Amino acid sequence: MALEITDSNYKELLAEGKPVVVDFWAPWCGPCKMLAKNIFTQDSVADFYNANFICFQIDMEKGEGPELARKYGVAAFPTLLYVDKDGMLKHCVVGYLQTHELILNGEKALKGEQTLLDFQRRYDAGERDRAFVKQYIDVLFKAYRPQLQKEVVTEYING
């Protein structure tokens with residue numbers, strides 16, 4: 001079994017009212033190909049993602065790809081975005097992931113805890129204890145958000 005990848009356009013996916021995971025890839029990207037071949041074909045991954053998400057792959061160089069990449073700040077491949085039915089970014093991870101990591105990130109996105117959005121909201125609300133900031137920096141690293149990571153590190157060091 002493998003992930004059921006829809007061929008709808010992005011706006012049609014959101015209209016379905018179910019969380020969406022978007023795999024941003026490029027045809028020349030080795031880790032993208034490995035993720036599709038070795039991980040997306042695992043039964044445990046397919047079962048979990050097909051039950052909980054609409055799965056969408058988008059070529060970063062064609063069609064909606066470049067526009068969506070700009071909208072969500074995608075700059076590395078593969079990037080997996082977890083968005084809600086309104087297109088709001090909930091979570092993001094970049095790079096090749098093992099089966100258990102992919103499922104764990106999907107679980108986080110569904111729960112809304114320990115996600116990129118969760119950390120951003122907590123940080124914006126003023127949470128600054130050392131353990132939290134270290135975790136937030138790690139989440140930003142895994143989401144490939146270097147500018148925001150730099151800002152958080154700089155504020156932490158200066159504070």
For segment 53-135, the accessible surface attributable to carbon and sulfur atoms (probe 1.4 angstrom, ligands and nucleic acids excluded) amounts in percent to 48 percent
Cα convex hull volume per residue for segment 105-159, in Å³, equals 70 Å³
Under a Gaussian network model of the chain whose springs join Cα atoms within less than 10 Å, the largest fluctuation of LEU68, LEU102, LEU80 belongs to LEU68
List ILE157, ILE137, ILE5, ILE39, ordered by accessible area with a 1.4 Å probe, largest first | ILE157, ILE5, ILE137, ILE39
If the chain between ALA75 and GLU16 were fully stretched, how many nm would it gain, using 0.36 nm times the residue separation less the Cα-Cα distance?
-> 18.5 nm
Starting from the Cα coordinates of segment 29-87, work out the convex hull volume and express it per residue in Å³.
-> 88 Å³
For the chain, set up a Gaussian network in which alpha carbons nearer than 10 Å are linked by springs, and say which option among PRO19, PRO78, PRO31 fluctuates the most.
-> PRO31
The chain, relative contact order [Cα under 8 Å, separation at least 6], % = 24 percent
Subtracting the Cα-Cα distance of ARG121 and LEU104 from 0.36 nm times their residue separation yields 4.1 nm
Of LYS18/LYS134; LYS37/LYS150; LYS33/LYS142; LYS11/LYS134; LYS18/LYS150; LYS90/LYS150, those spanning more than 30 Å from alpha-carbon to alpha-carbon = LYS18/LYS134; LYS37/LYS150; LYS11/LYS134; LYS18/LYS150
Charge dipole magnitude, Cβ of K and R +1, D and E -1 - segment 38-87, Cα centre, debye nearest 20 = 140 debye
Given the options ALA36, ALA26, ALA125, state which has the largest fluctuation in a GNM of the chain using a 10 Å cut-off (strictly under) for Cα springs.
-> ALA125
Work out, in µm²/s and without decimals, the Stokes-Einstein translational diffusion coefficient of segment 13-59 at 20 °C, 1.002 mPa s, Rh from Kirkwood over C-alpha pairs.
-> 186 µm²/s
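Among the chymotrypsin sites (Phe, Trp or Tyr not before Pro) within segment 48-134, which fall in a DSSP loop and have no more than 10 other Cβ atoms within 10 Å of their own Cβ?
none
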Skip the ligands, DNA and RNA, and give the accessible area per residue of segment 17-121 with a 1.4 Å probe, whole Å².
-> 46 Å²
Which of the GluC sites (Glu not before Pro) across segment 1-38 are loop residues per DSSP, with 15 or fewer other Cβ within 10 Å?
-> GLU4, GLU16
What one gets for the chain as the Kirkwood radius, inverse of mean 1/r over different Cα pairs in Å, is 16.2 Å
Segment 5-64 and segment 70-104 have their Cα centres apart by a whole-number Å value of 10 Å
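The values are calculated or read from the model by the stated rules, or taken from the named source; none is laboratory data. Keep in mind that what you see is a predicted model, and the values were worked out from it rather than measured. Counting neighbours? That spans all protein chains shown, and the Cβs are built from the backbone with ideal geometry, glycine included. Just the protein is used for accessible areas: all its heavy atoms, side chains included, with ligands, DNA and RNA removed. Shrake-Rupley method; radii C 1.70, N 1.55, O 1.52, S 1.80 Å.
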